[in-house]
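K.L.:
Before we start, here is the structure in question, set down as structure tokens.
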Amino acid sequence: MPRLPRPAPAIQASSPASQLMPVLGLLLLVLAPLLTVGWIGEEVLEQERFAFESPLLLWVHAHTTPALLHLSAALHVLGGPEVMGPLFVAIPAALWLRQRTQALFALWALGGAVLLNALMKLVFHRPRPELWPRTVAENGASFPSGHSMFAAALCSVAVLLLWRTRWRWPALGLGVTYCLLMGGARLVLGVHYPTDVLAGLLTGLAWVYGVWALLGRPGSRAGSQAVVIRPGRARAMLGRE
């Protein structure tokens, strides 16, 4: 009995939706955050004060409980250089053994966030709020919040690398929760203005997503939502041309 010929592999063509998603991602996760940070930064450079910030900080301080203060102090240590520094080195090193493109992405995203934060603090040089005696020592510039920016960068890296796995929603939920807790802790401790925290979170997100897009979206499966065109249909389409 003669063998039947093997079917030719399917030809994949990207759907319009899959082509649109990267553009929407750049608009929502890079352009919009950077425009917001740019507007805040312009006001900071002009030494303009946001009227809501001091009253909001004083309200937070008036409603701070001892438990909340202890949690904020713990997050202060967790998000500080003593913990984040080794972690930012360990993550690319661990990824290097498994997927080098992902390791390079993590290195650029996390290491670049540290350098970018230092540069922004040097440029804007915003003094920290002095509304009540603080329980933690912070001597550097206030804008943007380094703890918030590093939290956003770390969580964004984790979510992007896990997005095509079953862990994407847990990673996203935990990441958003961690970022909100870290940002709130900076206000409870009185070491940052609200706009410092917002700028830190948005800059960390925009930087990581921008690096991920520039490096070709490592960790994603390109064409996972592609439309499959069977060989017979492909030949028919070519015959029409």
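Any read-out appearing in this document is the output of simple, stated calculations on the displayed coordinates, not a laboratory observation. Model, not experiment: these values are computed from the prediction. We place every Cβ from the backbone using ideal geometry, glycine too, and count neighbours over all the protein chains shown.
K.L.:
Roughly what would the spin-label model give for Trp96 and His125, points 7 Å off Cα along C-beta, in nm?
P.N.:
With each label point 7 Å from Cα toward Cβ, the separation is 3.7 nm.
K.L.:
Going by average Cβ density within 10 Å per residue, which order do the peptides 203-214, 104-115 take, highest to lowest?
P.N.:
203-214, 104-115
K.L.:
What size of dipole, in debye to the nearest 20, comes out for region 22-100 about its Cα centre when the only charges are +1 on Lys and Arg C-beta atoms and -1 on Asp and Glu C-beta atoms?
P.N.:
520
K.L.:
Now, a different point. Given a Förster distance of 35 angstrom, what is the FRET efficiency for Glu48 paired with Arg168, based on the Cβ-Cβ distance and rounded to 0.05?
P.N.:
0.30
K.L.:
I would also like to ask the following. Take each of the peptides 143-155, 57-69, average the number of other beta-carbon atoms within 10 Å over its residues, and list them starting from the highest.
P.N.:
143-155, 57-69
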